[in-house]
Structure formats: structure tokens, C-alpha cells
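The values are calculated or read from the model by the stated rules, or taken from the named source; none is laboratory data. Remember, predicted model here, so these are calculated numbers, not experimental data. No Cβ is skipped: glycine too gets one built from the backbone with ideal geometry, and neighbour counts run over all protein chains shown.
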Amino acid sequence: MSKRIFITGASTGLGKATAKLFASKGWNVIATMRTPEKEDELDKLPNVELLALDVTDPEQIKTATEKAIAFGPIDVVFNNAGYGLAGPFEGATDMQLVRQINTNLLGVMRVTQAFIPHFREKKSGLFITTTSIGGLVAFPLNSVYHATKWGLEGWSESLAFELNPLGIEVKTVSPGGISTDFAGRSIDLTAHEAYNDTMQKVMSVFGDPERQKSYSTPEQIAEVVYEAATDGKHKLRYPAGEDAKAMYEQRKQAGDEQFREGVKARFLGE
């Protein structure tokens, strides 16, 4: 019997690449997005079902969960919906703060909570959450984004302790840079003139073509999601992409403070 995966944020980038990969491996895929009526690729695949889901809408989460389970038992829930908020914290509006935390952190928590009873009843299931290398290390001018991604890492680590005895696995996939339109489509910027110089320095590093050469494609990261879903390992973290793996190792080996000095030198020229 084919396995079934539920994916949030499947309209573009990693979410879409993961939906296509799992479908090609014979899985039944429930691909969710805010506007499924605009999707013109996944809807043509025979073993993909599209559902409307805005992860900031608790009622829609409930409805989508019920519809998904009606298709048959769910084996994997892949929490992938999210976006980036960058820029000086002082310039962030309250609306920006609430939207970022509501989408990246609370959205994941609510979707997960909605599926726990289903997994508990069948005594099996796997939650995979896209965090980021930004959930394991930190860069300048991304503080609220890091708050959500570090939050997801800590939440996942704790959650695994309580769900593992029930037969439910919890895993995180932490990509580095991905060659998608994330920076254009999936990013929101704060602004404050006191930080213009810092902003310029940081953005020039992130926008450096040399740096972008080490980025992964969405398809490469999707392969890591597939690995996490199928390797049967009791393993929490999957850094994804050569840049993410190298950075995470560097932080562990250098220690927090020395690693931070390296970030300062790289991004701020200090």
C-alpha cells in the first residue's frame, strides 16, 4: 500500500520539489497551499491531491487535516510553509513580528498538533519540519526569523521526547541557501535609517554571486527530506546542503564565541 505525505507550502520551491519527488517515488501526496486554484503543475500528477491551507488560519488547519485523513492514513507530515523577515529589529512593525511568528512558528505548531491524535491512534507517524541553518547558527539582521527557526529546533527536540514513546518520530531538515525565488517572493524587509550601513554590508554578503554558488537546488534539499522520511533512523537533525553542513560543523568545532567572531568579520568587516 502506498504511503501518504501531507505537505504545507507546496506551491513553490522546496515544497513543490518535495511533492514532485515523493509522487515520483509512488507516494500519495497531499500538497497544500494558500491558493490551490492557481496551481498548474502538481494538479496534473495522478497521485497528488491539492488542498487549500493557510497555516495562520486555525479553522482551515482543522478542515484540511480532516480532509487529508479522509483520503487515508497519513504517514508523514512535512511542515514546510514559511518565509523570511530580514532587516533591523528596531524597524520591525508589530504586524511584521506577529505575521512572522504566526507563520513560521505557530503555523507549524498548530498543524502538528492537529495531526498528533491521528498518529497516536495508529501508533506511527513522522513529523518533518523545515527549519534552516538559521535555526542552528545566526547572522546579522535576521533576529526575528532566527527566533522562529531556533524556536522550531528547540520545540522539535523537546517534542520528540514526548512523542517517541507513542511511536511518533520528529525530525528537522535545516537547509542552507536554496536557489529559489525565496529572497524575492518569500522575504519581508524591515527598515530603520540608523542601520542603513549595516544593512548594506549584510545584504552585499548575502547577494554575493560567489556565496550563491554554494547554494543547493530545491530538488537537492527535497532528497534530504526523502531520506529523513525513509531511512528509519531515530535521528532529529538533518542539515541539508553542503553550505549548511559545513557551517554547522564549523560552529560545533569552533565553539559559539569564536564562530560569532567569524560571522562578524564576514558580514560586518569587524
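Things worth noting here:
- Residue 105 vs. criteria surrounded by 15 or more Cβ atoms within 10 Å (Cβ to Cβ), within 16 Å of residue 148 (Cβ to Cβ) and in contact with a Gly (Cβ under 9 Å, 6 or more places away or on another chain): yes
- Residue match in region 252-270 (condition: in contact (Cβ under 8 Å) with a residue 60 or more places away in the chain, touching a Lys or Arg at 6+ places or on another chain (Cβ under 8 Å) and not in a helix (DSSP H, G or I)): yes
- Each residue in region 73-97 was checked for being touching a helix residue (DSSP H, G or I) at 6+ places or on another chain (Cβ under 8 Å) and hydroxyl-bearing (Ser, Thr, Tyr), and 1 pass.
- Here is the figure for region 30-72: residues that are charged (D, E, K, R) and touching a Pro at 6+ places or on another chain (Cβ under 8 Å) total 1.
- When residue 239 is tested against (1) of a type outside the set (Lys, Arg); (2) assigned to a helix (DSSP H, G or I); (3) crowded, with 17+ Cβ neighbours inside 10 Å; (4) in contact with a Phe, Trp or Tyr (Cβ under 7 Å, 6 or more places away or on another chain), exactly one condition is not met: (2).
- Among the strands (runs of 3 or more DSSP E) confined to region 1-71, the ones with at least 3 residues that are under 19 Å from residue 103 (Cβ atoms) are located at 28-33.
- In region 76-130, of all residues being of a type in the set (Ser, Thr, Tyr) and over 18 Å from residue 65 (Cα atoms), the one that is modelled with the lowest pLDDT corresponds to 83.
- For residue 139: the one exception among (1) farther than 17 Å from residue 104 by Cβ; (2) not in a helix (DSSP H, G or I): (1)
- Selection from region 215-253 of residues that are farther than 14 Å from residue 136 by Cα and more than 19 Å from the chain's Cα centre (by Cα): 231, 232, 233, 234
- Test: residue in region 117-129 that is part of a helix (DSSP H, G or I) and aliphatic (A, V, I, L, M): no
- Region 201-221, subset outside any loop (DSSP other than H, G, I, E, B) and out of contact with any strand residue (DSSP E or B) (no Cβ under 9 Å at 6 or more places or on another chain), residue nearest to residue 88 (Cα to Cα): 201
- For region 49-89, the set of residues classified as surrounded by 22 or more Cβ atoms within 10 Å (Cβ to Cβ) and not hydrophobic (A, V, I, L, M, F, W, C) consists of 65, 79, 80, 82, 87, listed by residue number.
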